[in-house]
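The values are calculated or read from the model by the stated rules, or taken from the named source; none is laboratory data. No experiment lies behind these values; they were computed from the predicted model shown. Cβ sites come from the backbone with ideal geometry, for glycine too, and all protein chains shown count toward neighbours.
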Amino acid sequence: MKRFGVSLIVLVGILVLAACSNDSATKSGTNEIIEGVPEGVQNGVKIAVLRNLASDDHTKQFLDGARKEGESLGFKVDTNIVENNDAKFQELVSQITQQDYDGIIISHGKEDYSYDMIKPAVDKGIKVTLFDTVAKKSGQSLDGVTATFQDDYELARLSLQEIADLSNEPVKVIKLWFGGLSPLDRRQEIYKEFEDKGEIVTLETIGPTNFQDIQGDIAAKVNAVLAKYPEGTVDAIWGSWDELAKGAYKSLVDNKRTDINLISIDVSNQDINLMKEDNSQWISTAAVDPALIGRMNMRLMAKKLAGEETPEEYDLTAKLIKQSDLKDNTTMLNLNEIIDGWGVSTDFDEEWMKTLREHYSK
């Protein structure tokens with residue numbers, strides 16, 4: 001009887017400890033239930049964000065936008081940069097698929113492998129959103145995957161119209177571009193339209209071969225090309241990606257080629273600073289806020305986890321940034337003061353997301 005009494009006391013003690021433990025877990029948020037919020041976005045959501053591009057300003061802002069938006073919703077967000085190493089990128093996605101992630105955001109996967117790369121994650125039930133990544137096989141997309149893009153056609157149109165407006169004659173252009181990357185391929189479609197209309201004439205096409213030093217690589221190649229063209233024989237350089245444009249800008253400065261204008265796509269703090277330099281020939285760029293791209297991908301991810309409907313594709317609105325509109329204090333953080341609607345979107349921002357933000361801001 002005494003042994004039974006001791007056992008009963010021990011059992012009661014265990015139950016009390018368990019109850020305290022559960023109460024503590026609830027108070028710490030481990031198993032906390034937030035009213036009015038879908039179950040799929042509560043308690044321990046884990047997201048991986050992967051970018052297959054150089055660790056430049058644009059990449060960092062994209063990742064920062066995704067991370068901050070996810071953390072504001074209570075998610076754990078891990079970010080990874082793979083500098084255009086496709087084999088390493090595919091291996092990393094494979095490793096993450098085998099881990100305990102609820103969602104994966106993939107940026108700049110190549111079209112020839114992206115479908116096969118993400119299919120195991122989709123088959124496992126992991127939610128996936130893509131940025132500047134085409135993942136199709138025989139024209140078919142994977143169910144439940146949203147592909148997001150900057151409006152590349154409008155980005156190209158805005159920037160190329162700036163070039164066309166430089167002269168009534170066909171504008172003589174050095175083109176910075178390379179194929180195989182879906183956003184640049186789409187921009188090329190609009191470039192060809194301007195060529196076909198006779199508004200621009202392409203003198204040279206230059207692309208990178210060293211993706212570990214794109215700016216230096218392009219600068220060296222533009223240096224070599226400029227030597228072939230005396231002053232007055234080139235009107236503009238078109239940078240289909242600002243990382244290419246930065247290399248061209250260095251070359252223009254080093255060669256003192258004040259006769260050539262530079263127009264680009266995408267923007268960063270480095271770009272803005274170069275555009276603001278004395279006598280800078282970088283006169284405009286068309287862009288989307290990279291931090292907003294990250295935020296929108298995370299919102300779409302949250303909606304997927306909540307079991308809500310999401311589109312198969314989504315384009316972010318392009319804006320034109322003119323050198324003449326920049327102020328001395330202009331940075332990526334206050335571009336909205338001179339560019340209407342910059343960095344702002346209410347798309348996919350659900351009421352329950354606002355509830356989560358309020359909850360986790362306390």
- Item | Qualifying positions in the stretch 122-139 - among the acidic types (Asp, Glu) and either part of a loop (DSSP other than H, G, I, E, B) or in contact with a Leu (Cβ under 7 Å, 6 or more places away or on another chain) (or both) | Asp132
- When Gln188 is evaluated against the numbered criteria (1) touching a residue at least 60 places away in the same chain (Cβ under 8 Å); (2) closer than 25 Å to Ala291 by Cα; (3) not in a strand (DSSP E or B); (4) not charged (D, E, K, R), which criterion, by number, is the only one it fails? (1)
- Pairs under 8 Å by beta carbon, first residue surrounded by 15 or more Cβ atoms within 10 Å (Cβ to Cβ) in the stretch 95-112, partner at pLDDT below 95 and of a type in the set (A, V, I, L, M), six or more apart or different chains? Ser107/Leu53; His108/Leu53; His108/Leu181; Lys110/Leu181; Glu111/Val134
- Of the residues in the stretch 167-177, how many are surrounded by fewer than 18 Cβ atoms within 10 Å (Cβ to Cβ) and in contact (Cβ under 8 Å) with a residue 60 or more places away in the chain? 1
- Item | Test: Gly294 is assigned by TED's automatic domain parsing to the domain that holds Asp56 and either free of Cβ contacts under 8 Å to residues at least 40 places away in the same chain or closer than 23 Å to Leu158 by Cα (or both) | yes
